[in-house]
Amino acid sequence: MLNPKQKLNPDIGTNDIETKATRDGFGEALLELGAKDENIVALTGDLAESTRVLPFAEKYPERFIECGVAEQNMMGVAAGLALAGKIPFAASYATFSPGRNWDQLRVSVCYSEANVKVIGAHTGVSVGPDGATHQALEDIAITRVLPNLTVIQPCDSIEAAKATTAIAHLKGPHYLRLTREKTPLITTTDSPFTIGKANILKEGKDVVLIGCGPLLYNGIKAAIELEKENIHVLVINLHTIKPLDEETIIWAAKLTGAVVTLEEHQIHGGMGSAVAECLATNYPVPQEFVGMNDSFGESGTPEELWEKYGMGVESIKQTIKKVINRKVKK
């Protein structure tokens, strides 16, 4: 059974839409979890405020560990806490964790099946002025390849809070990918969310757009605008990149005959690659990729960088038209 269609925020496409960072949804949910379960602990690498762990640290100082700029040690400490029965949330920028401590994530956490929740903030070029060194664009590739690790990127702050709560109650390693800037609330509190089950955001029959993260908002806007040109785009929120919802992906490919993937990540090895692997094995159709094409980012506003690197609304529309022209004529 396919997962139910997610209820969209009725303010999508208007100037009234509320914005909030996915890292804020995580921080608020972590604070609520702390009140319910004394086994919840938080760690960070000198980034408590930026990762939104600070409210938890202030309320539960005895359950907060400041590891300093030592992300490899932080991951080892988190693994030890998990093996001792705690539920550690280890938060840093994704370029540092899982970027800098991938070895510790691989061996101490994933190989040991330790119940560690890895929070990678400030992902994608939308980190903005911080520039290329702090814009994580490779983290999906290096996490989805690890056995035992669940990989999730929520599309908005509401979904980030749901994901945080969900991973706290599930055993095993999880990676939660978060963004820095405030982004539109795509879903509502009533929208269904289940790890491993993609959600339909918009129905369509001509092409399917499969995306993850807040960049999905640009995809929804592109799909709405293409309706005026009689192009009907099925939009899917693939918030769980591993385990992959192959059932929904194959169903969508069979229905539409063409796929576009959308992610704020390198197109090589990312969510789009996971979709391509699934389709190559089960139901090959034409596919195009929207994301970073073998390039580092740079300093700039999120909007400027999305436009420059082909992730703006107009670029998405052109990519959708391109893949439709590649469809096999029946």
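Points to keep in mind about this one:
- Protection proxy ranking of 205-214, 282-291, by the mean of other Cβ atoms within 10 Å over each peptide's residues and highest first, is 205-214, 282-291.
- For a paramagnetic label modelled on residue 282 (point 7 Å from Cα along Cα→Cβ), amide N atoms under 17 Å away belong, within the stretch 1-41, to 1-4.
- Spacing of the two label points (7 Å from each Cα toward its C-beta) at residue 130 and residue 326, in nm: 3.3
- Using a Gaussian network model of the chain in which every pair of alpha carbons under 10 angstrom is joined by a spring, one finds that among 68, 312, 27 the greatest mean-square fluctuation is at 68.
- Within the stretch 61-112, none of the trypsin sites (Lys or Arg not before Pro) combine a DSSP coil assignment with at most 10 other C-beta atoms in a 10 angstrom radius.
- Restricting the stretch 29-108 to GluC sites (Glu not before Pro) in coil, as DSSP defines it, with at most 14 other Cβ within 10 Å: 38, 49
- Computed on the chain, with alpha-carbon pairs under 8 angstrom and 6+ residues apart, the relative contact order is 19 percent.
- Zone of residue 18's modelled label, taken as backbone nitrogen in the stretch 177-196 under 20 Å from a point 7 Å along Cα→Cβ: 179-193
- Loop sites in the stretch 84-188: chymotrypsin sites (Phe, Trp or Tyr not before Pro), DSSP, at most 13 other Cβ within 10 Å: none
Every read-out reported here was derived from the displayed coordinates using simple, explicitly stated rules and does not represent laboratory data. As the structure is a computational prediction, the values presented were derived from the model and not from experiment. Positions of Cβ are backbone-derived with ideal geometry, glycine not excepted, and every protein chain shown enters the neighbour counts.
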